[in-house]
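Below: one structure, written as structure tokens.
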Amino acid sequence: MTRVWKWNRPVTVREVLEDLQQERSIAYTTVMTVLDNLHQKGWVRREAEGRAYRYEAVSTRAAYAAALMNDAWSQSDNPAAALVAFFGMMSEEQRHALRDAVRMVQGPETPDAEKSPGENPGSERDDSGR
């Protein structure tokens with residue numbers, strides 16, 4: 001999958017083979033079998049091109065990683081504890097990325113002037129109006 005995601009376009013067995021052979025010796029039939037297995041599992045789609053197929057990822061690498069994390073989290077009997085443990089394993093860089101991701105999902109923050117009085121910290125009044 002790494003090779004298919006790397007190019008971000010439909011690839012042939014031959015292209016993947018040639019790329020892998022730069023690092024190690026591997027047989028054409030091995031690459032063909034792996035791509036066929038990925039197709040059967042629904043991770044790649046393929047389209048015939050002459051006597052060969054072109055394979056393309058069904059989802060992005062990020063979407064795949066997110067699905068794996070969601071699957072693991074949903075299997076926990078204590079999701080909050082699982083998240084705390086996961087956050088504890090993160091590097092500082094990963095925690096910054098998480099904060100950025102949460103900001104993106106939440107959208108832009110509303111400036112304090114646009115918030116209702118009860119939403120501003122320190123602006124709560126008691127019943128006497130103080």
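The values are calculated or read from the model by the stated rules, or taken from the named source; none is laboratory data. Predicted model, so just to flag it, every value in this text is computed and none were measured. Every residue, glycine as well, gets a Cβ built from its backbone with ideal geometry; the counts of neighbours run over all protein chains shown. SASA here: full protein model, heavy atoms, side chains in, ligands and nucleic acids out. Shrake-Rupley method; radii C 1.70, N 1.55, O 1.52, S 1.80 Å.
Across segment 55-77, the qualifying residues are those that are in contact (Cβ under 8 Å) with a residue 40 or more places away in the chain and open to solvent by less than 60 Å² (accessible area, probe 1.4 Å), and the one among them that is farthest from Ala101 (Cα to Cα) is Tyr55. If you go through segment 1-38 and pick out every residue that is within 20 Å of the chain's Cα centre (by Cα) and part of a helix (DSSP H, G or I), you end up with 7. Only residues that are under 17 Å from the mean Cα position of the chain (by Cα) and open to solvent by 100 Å² or more (accessible area, probe 1.4 Å) were counted in segment 78-104, giving 4.
Of the residues examined, Gly42 is one that is under 22 Å from the mean Cα position of the chain (by Cα), touching a residue at least 12 places away in the same chain (Cβ under 8 Å) and exposed (fewer than 10 other Cβ atoms within 10 Å of the Cβ).
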